Amino acid sequence: MFKKKSKTQLASQKTAAVSLISLLNSRSTIAEQYRTIRTNIQFAASSDHPVKSIVITSSGPSEGKSLTAANLAIVFAKSGKKTLLLDGDMRKPTVWKTFRLSNQKGLSTLLVSPDDIADSIQKTTIDNLSVLTSGPQPPNPSELLGSTREEVIMDQLTRLFDVIIVDMPPVVTVTDAQIVASKADGTILVAREGVSEKAALLKAKQLLEIAHARILGVVYNGVDSANDAGYYYYSDK
Ligand SMILES: Nc1ncnc2c1ncn2[C@@H]1O[C@H](COP(=O)(O)OP(=O)(O)O)[C@@H](O)[C@H]1O
Ligand SMILES: [Mg+2]
């Protein structure tokens, strides 16, 4: 399932529902890698700098942001933390497909209407894991994400959950991830072997720094380890 693919094959992949590795086989090496990322995030937290809201982004499309976000949310939920996976990618949302949920209500509808937040959150079949889908695509995602209403929503969500994993669009192409990362407790940059360009990765890091995002680390997706078992590892920037 996690075989290396050529650049052309990778480029032709659509943002289909991602595989939930840590759900399917919690004893797998990959699940273990996600747990290591979770532990590293927990180490990054302190009483002065709690890490409750975590943005997942990358430089470009199809680098594994949604895959990483979904699996990280699962390992947090499995550790007993009340976890929310928030689909902040209102341009190419995939979380609702991954978890087979409705996307009629979600972040976009909450941002434009005074709906009750709790009514828009959906439970999943995994204990402790809830999802707030993207909602229908609005014409102006960046504006909505930069609004005061967004801050109010995030504030309420942080009161309702222990951890919020926010799946965002690529940081280099649109400003959405910068906007949300500037207000989140931490950001994880995903890079994918054979897809991410070094220059784009550096640009992504620079854009996040400009936004004063707290970069917790980089997840390399698709990196072969020596024994060919692990495909993810976490590095401290
Ligand atoms: N390491 C990998 N090996 C194989 N397929 C992968 C890997 N990482 C991501 N994919 C697949 O590539 C596609 C894009 O991944 P996704 O997480 O949706 O990317 P993004 O959210 O960054 O656009 C999905 O179909 C996903 O399952
Ligand atoms: Mg995605």
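The values are calculated or read from the model by the stated rules, or taken from the named source; none is laboratory data. Note that the structure is a prediction, hence the values are computed from the model and not measured. Methodologically, a virtual Cβ is constructed for each residue, glycine included, from the backbone with ideal geometry; neighbour enumeration extends over all protein chains shown.
For the stretch 95-112, give me each residue that is over 12 Å from Q137 (Cα atoms), among the polar types (S, T, N, Q) and either near ligand 2 (Cβ under 10 Å from one of its atoms) or not in a loop (DSSP other than H, G, I, E, B) (or both).
If the condition is that a residue be over 12 Å from Q137 (Cα atoms), among the polar types (S, T, N, Q) and either near ligand 2 (Cβ under 10 Å from one of its atoms) or not in a loop (DSSP other than H, G, I, E, B) (or both), then T98 is the only one that fits.
Hey, can you tell me all the residues within the stretch 68-91 that are of a type in the set (A, V, I, L, M, F, W, C) and touching a helix residue (DSSP H, G or I) at 6+ places or on another chain (Cβ under 8 Å)?
Restricting attention to the stretch 68-91, the residues satisfying the condition of being of a type in the set (A, V, I, L, M, F, W, C) are 69-70, 72-77, 84-86, 90.
Answer for the stretch 68-91, where residues must be of a type in the set (A, V, I, L, M, F, W, C) and touching a helix residue (DSSP H, G or I) at 6+ places or on another chain (Cβ under 8 Å): A69, A70, L72, I74, V75, F76, L84, L85, L86, M90.
Which count do you get for residues in the stretch 178-209 that are touching a helix residue (DSSP H, G or I) at 6+ places or on another chain (Cβ under 8 Å) and in a helix (DSSP H, G or I)?
Going through the stretch 178-209 one residue at a time, the tally reaches 7.
Could you list, in sequence order, all residues of the stretch 47-65 that are in a loop (DSSP other than H, G, I, E, B) and of a type outside the set (A, V, I, L, M, F, W, C)?
So the first thing to find is which residues in the stretch 47-65 are in a loop (DSSP other than H, G, I, E, B), and the list is 47-52, 59-64.
The answer is S47, D48, H49, P50, K52, S59, G60, P61, S62, E63, G64.
Within the stretch 117-138, how many residues are under 14 Å from G88 (Cα atoms) and part of a loop (DSSP other than H, G, I, E, B)?
7
Out of all the residues in the stretch 76-89, is one or more near ligand 2 (Cβ under 9 Å from one of its atoms), touching a residue at least 40 places away in the same chain (Cβ under 8 Å) and either touching an Asp or Glu at 6+ places or on another chain (Cβ under 6 Å) or within 25 Å of E197 (Cβ to Cβ) (or both)? Before you say what the answer is, go through the steps one by one.
Step one: filter the stretch 76-89 for residues near ligand 2 (Cβ under 9 Å from one of its atoms), giving 87, 89.
Subsequent filtering for residues that are touching a residue at least 40 places away in the same chain (Cβ under 8 Å) retains 87, 89.
Imposing the further condition that a residue be either touching an Asp or Glu at 6+ places or on another chain (Cβ under 6 Å) or within 25 Å of E197 (Cβ to Cβ) (or both) reduces the set to 87, 89.
The answer is yes, given that some residue of the stretch 76-89 is near ligand 2 (Cβ under 9 Å from one of its atoms), touching a residue at least 40 places away in the same chain (Cβ under 8 Å) and either touching an Asp or Glu at 6+ places or on another chain (Cβ under 6 Å) or within 25 Å of E197 (Cβ to Cβ) (or both).
Out of the residues in the stretch 152-167 meeting the condition of being more than 16 Å from ligand 2 (Cβ to nearest atom) and among the β-branched types (V, I, T), tell me which one is farthest from L110 (Cα to Cα). First the steps, then the outcome.
Taking the stretch 152-167 as the starting set, the residues that turn out to be more than 16 Å from ligand 2 (Cβ to nearest atom) are 152-164.
Now drop any that are not among the β-branched types (V, I, T), which leaves 152-153, 158, 163-164.
On the way: V152: 11, I153: 8, T158: 16, V163: 20, I164: 16 Å.
Here the answer is V163.
Against the definition (small (G, A, S), surrounded by 12 or more Cβ atoms within 10 Å (Cβ to Cβ), modelled with pLDDT of 95 or more and away from ligand 1 (no atom under 13 Å from the Cβ)), how does A211 come out, yes or no?
Numbers: small (G, A, S): yes; surrounded by 12 or more Cβ atoms within 10 Å (Cβ to Cβ): yes; modelled with pLDDT of 95 or more: yes; away from ligand 1 (no atom under 13 Å from the Cβ): yes.
So A211 fits the description; yes.
Okay, residues lined up against (1) loosely packed, with under 14 Cβ neighbours inside 10 Å; (2) in contact with a helix residue (DSSP H, G or I) (Cβ under 7 Å, 6 or more places away or on another chain); (3) touching a residue at least 12 places away in the same chain (Cβ under 8 Å); (4) of a type in the set (A, V, I, L, M, F, W, C):
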residue	(1), (2), (3), (4)
K65	no, no, yes, no
P93	no, no, yes, no
F99	no, no, yes, yes
L111	no, yes, yes, yes
D116	yes, no, no, no
Q122	no, no, yes, no
I126	no, yes, yes, yes
P141	no, yes, yes, no
E151	yes, yes, yes, no
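Which residues, taken from the stretch 153-192, are surrounded by fewer than 16 Cβ atoms within 10 Å (Cβ to Cβ) and modelled with pLDDT under 95?
T173
May I ask you to list the residues in the stretch 40-88 that are within 11 Å of ligand 1 (Cβ to nearest atom), of a type in the set (S, T, Y) and in contact with a Phe, Trp or Tyr (Cβ under 9 Å, 6 or more places away or on another chain)?
Scanning the stretch 40-88 gives a single hit, T68.
So A70 passes all but one of these: (1) surrounded by 15 or more Cβ atoms within 10 Å (Cβ to Cβ); (2) at pLDDT below 90; (3) assigned to a helix (DSSP H, G or I); (4) among the aliphatic types (A, V, I, L, M). Which condition number does it fail?
For A70, the exception is condition (2).
Is it the case that some residue within the stretch 85-92 is modelled with pLDDT of 95 or more, farther than 17 Å from V180 by Cα and of a type in the set (G, A, S)? Let's see the steps before the verdict.
Residues of the stretch 85-92 modelled with pLDDT of 95 or more: 85-92.
This time we only want the ones that are farther than 17 Å from V180 by Cα, so: none.
Among the residues of the stretch 85-92, not one is modelled with pLDDT of 95 or more, farther than 17 Å from V180 by Cα and of a type in the set (G, A, S), which makes the answer no.
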